[in-house]
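Take a look at the structure below.
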Amino acid sequence: MVMARAFVLFLIFVLAGCEEPSEPQPYKPIADSKQMMNWILDPQADVIWGSAGAIITIEGTQDLAPTTQEGWDNVRNAAATIAEVSNVLMMPGHARAGADWIEILQGLQATAVQLIDAAERQDADAVFDLGGQLYNVCVACHQLYVLTDL
């Protein structure tokens, strides 16, 4: 009986040692989550918001929609950056516990993908509407995750 127990323990140790070692991750986070928000997401969101709507003053109305291909490309590129940063923020090293974090980032990404399409179509009304949706996603995240908590 003692010999059988010793054999079982031996097998457990042997099998535990056969487990494949986890592979090192090919990526290395450079910026923390707060830096990602301040250095990447916020500036790109500002590109979107600065390209939608109008400014009305006593002198007249200034339409903020892009008027050149370069301007539309800037909106598309900002939206693509937001979409990809959404992926990064879901990765280990940035992801937060709980389903809320993932759900918010999936919403952010879905909005950014729609913004890419709107910029490709040069649809100023859609960029305006989606810019509002982007703002709402950002506010929802900030209500749950204060930047000092990131």
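The values are calculated or read from the model by the stated rules, or taken from the named source; none is laboratory data. Computed from a prediction, not measured in an experiment: that's the story for all the values here. Note that each Cβ is placed from the backbone with ideal geometry, even for glycine, and that neighbours are counted across all protein chains shown.
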Per the list (1) at pLDDT 95 or above; (2) assigned to a loop (DSSP other than H, G, I, E, B); (3) among the hydrophobic types (A, V, I, L, M, F, W, C), residue check on ALA97 breaks on (1)
Within the stretch 40-61, can you find the residues that are part of a loop (DSSP other than H, G, I, E, B) and not acidic (Asp, Glu)?
-> GLY50, SER51, ALA52, GLY53, ILE58
Of the residues in the stretch 118-141, how many are over 14 Å from GLN69 (Cα atoms) and either of a type outside the set (A, V, I, L, M) or in contact with a Cys (Cβ under 7 Å, 6 or more places away or on another chain) (or both)?
-> 10
Does at least one position in the stretch 124-135 carry a residue that is within 20 Å of ASP32 (Cα to Cα) and either buried (at least 18 other Cβ atoms within 10 Å of the Cβ) or of a type in the set (A, V, I, L, M, F, W, C) (or both)?
-> no
Residues (outside any helix (DSSP H, G or I) and at pLDDT below 90) located in the stretch 62-90 | GLN62, ASP63, LEU64, MET90
What number of residues within the stretch 25-50 satisfy the criterion of being free of Cβ contacts under 8 Å to residues at least 60 places away in the same chain and touching a Phe, Trp or Tyr at 6+ places or on another chain (Cβ under 8 Å)?
-> 1
Determine which single condition MET90 fails, assuming it passes every other condition in (1) buried (at least 18 other Cβ atoms within 10 Å of the Cβ); (2) under 23 Å from TYR27 (Cβ atoms).
-> (1)
Which number in (1) in contact with a helix residue (DSSP H, G or I) (Cβ under 8 Å, 6 or more places away or on another chain); (2) assigned to a loop (DSSP other than H, G, I, E, B) marks the one condition that MET37 misses?
-> (2)
Select from the stretch 59-68 the residues that are of a type outside the set (D, E, K, R) and surrounded by 10 or more Cβ atoms within 10 Å (Cβ to Cβ) and write down the one among them that is farthest from ALA119 (Cα to Cα).
-> GLN62
Give just the number: which of (1) within 11 Å of the chain's Cα centre (by Cα); (2) of a type in the set (A, V, I, L, M); (3) part of a helix (DSSP H, G or I) does ALA119 not satisfy?
-> (1)
Identify, from the list VAL75, VAL137, VAL113, the residue that is among the β-branched types (Val, Ile, Thr) and either over 28 Å from ILE30 (Cα atoms) or touching a Pro at 6+ places or on another chain (Cβ under 9 Å) (or both).
-> VAL75
